[in-house]
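Participant: Before we start, here is the structure in question, set down as structure tokens.
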Amino acid sequence: MLIDLTGKTALVTGSTQGIGFAIAAGLARAGARVAVNGRRQESVAAAITKLEEETDREGAFVPAPGDIATDEGAHQVGTAVPDADILVNNLGVFGAVPALEISDAEWRRYFEVNVLTAVRMIRAYLPGMKDRSWGRILNVASDSAVVIPAEMIHYGMSKTALLAVTRGFAKEAAGTGVTVNSLIAGPTHTGGVEDFVYELVDPELPWDEAQREFMAAHRPQSLLQRLIEPEEIANMAVYLSSPFASATTGGAVRVDGGYVDSILP
């Protein structure tokens, strides 16, 4: 299957590292022009340099710095990228906090960053997609949306809400040629996840041993029995961004390594 996104413009939020970076690279390799987003101009510029080196696609990336958790930052991104054919809402925060110690401020922060940023971006770009009768919106959710982790229920709550947001906006886009889906990403190997793993296991352990201990103790139902690589998430994102996925909308598509122990999400 040859996916060709030549002529399409994509915006990937939170794309200076991790899953977002891998998705930006995958979309660019498929021919898309990709807007790279992060809070700071310096981190965006550094990410674009690295992306151009890894994809051999100089000039395929557009800087779109701005903190989209704020109205000002979202406006800044919208100015840099007035229209997008593909929107990937990847920005998110996570961390382990005992349930009874999560403050009201943290509950609000997780909802603001993990849910409302996606809503804000969809409001900005969905109307143009509908006018052009083509578009792809992907919200990067998590297995934690379905299997709420005891060590970070505020994160799980926000990702469950993101599934509802996805389904609702898919209905708003019904019959327009625009699809809206979420990705249920499983435990993935990123720098942030390495830090998270070491919060839960002995920080003196070598990475490979720490990863195995984390999966055995905290994610034992994973059928992969390893962390997923960001490129594996990106492969599904690129497919769902393509014309081949025209009949997939309103869905929660699993890229979870078999972590969620059910046939359907």
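Participant: Within region 127-148, can one find any residue that is touching a Leu at 6+ places or on another chain (Cβ under 7 Å), at pLDDT 95 or above, among the hydroxyl-bearing types (S, T, Y) and over 24 Å from D256 (Cα atoms)?
Facilitator: no
Participant: Does any residue in region 155-167 that is free of Cβ contacts under 8 Å to residues at least 24 places away in the same chain and over 10 Å from N139 (Cβ atoms) come within less than 8 Å, Cβ to Cβ, of a residue that is open to solvent by less than 30 Å² (accessible area, probe 1.4 Å) and in a helix (DSSP H, G or I) six or more places away or on a different chain, and which pairs are these?
Facilitator: G156/S144; G156/A145; T160/A145
Participant: Take N235 and tell me if it is open to solvent by 70 Å² or more (accessible area, probe 1.4 Å) and under 18 Å from the mean Cα position of the chain (by Cα).
Facilitator: Considered against the rule, which asks whether it is open to solvent by 70 Å² or more (accessible area, probe 1.4 Å) and under 18 Å from the mean Cα position of the chain (by Cα), N235 comes out as yes.
Participant: Within region 11-23, identify whether any single residue is within 23 Å of T190 (Cα to Cα), surrounded by fewer than 17 Cβ atoms within 10 Å (Cβ to Cβ), aromatic (F, W, Y) and in contact with a helix residue (DSSP H, G or I) (Cβ under 9 Å, 6 or more places away or on another chain), and answer yes or no.
Facilitator: no
Participant: Only residues in region 63-81 that are at negative phi count as the first member; pair them with residues that are open to solvent by less than 60 Å² (accessible area, probe 1.4 Å) and of a type in the set (K, R), Cβ under 9 angstrom, at least 6 apart or cross-chain, and list the lot.
Facilitator: Sorted first by the residue in region 63-81, then by its partner, the pairs are I68/R120; A69/R120; D71/R120; A74/R120.
Participant: Show the residue pairs meeting these rules: Cβ distance below 9 Å; 6+ apart or different chains; first residue within region 1-17 and on the phi < 0 side of the Ramachandran plot; second residue in a loop (DSSP other than H, G, I, E, B) and modelled with pLDDT under 95.
Facilitator: Every condition considered, the pairs that remain are Q17/T190.
Participant: So S182 fits all but one of (1) outside any helix (DSSP H, G or I); (2) farther than 17 Å from K130 by Cβ; (3) open to solvent by 10 Å² or more (accessible area, probe 1.4 Å); what number is the exception?
Facilitator: (3)
Participant: Still on this model: Return the residues of region 186-241 that are at pLDDT below 90 and among the aromatic types (F, W, Y); say none if nothing qualifies.
Facilitator: The answer is F196, and nothing else.
Participant: Mind counting the residues in region 219-254 that are outside any loop (DSSP other than H, G, I, E, B) and not charged (D, E, K, R)?
Facilitator: Residues in region 219-254 being outside any loop (DSSP other than H, G, I, E, B) and not charged (D, E, K, R): 15 in total.
Participant: Hey, another quick one. Does region 169-179 contain any residue that is part of a helix (DSSP H, G or I), over 15 Å from I86 (Cβ atoms), open to solvent by less than 10 Å² (accessible area, probe 1.4 Å) and not aliphatic (A, V, I, L, M)?
Facilitator: no
Participant: Would you please list the contacts, defined by Cβ atoms under 7 Å and residues six or more apart or on different chains, that run from a residue in region 243-265 that is over 15 Å from Q221 (Cα atoms) and at pLDDT 95 or above to a residue that is β-branched (V, I, T) and open to solvent by 30 Å² or more (accessible area, probe 1.4 Å)?
Facilitator: F244/I3
Participant: Does T190 count as farther than 18 Å from I68 by Cα, more than 13 Å from the chain's Cα centre (by Cα), open to solvent by 10 Å² or more (accessible area, probe 1.4 Å) and of a type outside the set (A, V, I, L, M, F, W, C)?
Facilitator: No: the conditions fail for T190.
The values are calculated or read from the model by the stated rules, or taken from the named source; none is laboratory data. Note that the structure is predicted; figures quoted are calculated from it, not measured. Cβ atoms come from the backbone with ideal geometry, glycine included; neighbour counts cover every protein chain shown. What goes into the accessible areas is simple: the full protein's heavy atoms, side chains included, and nothing from ligands, DNA or RNA. Shrake-Rupley method; radii C 1.70, N 1.55, O 1.52, S 1.80 Å.
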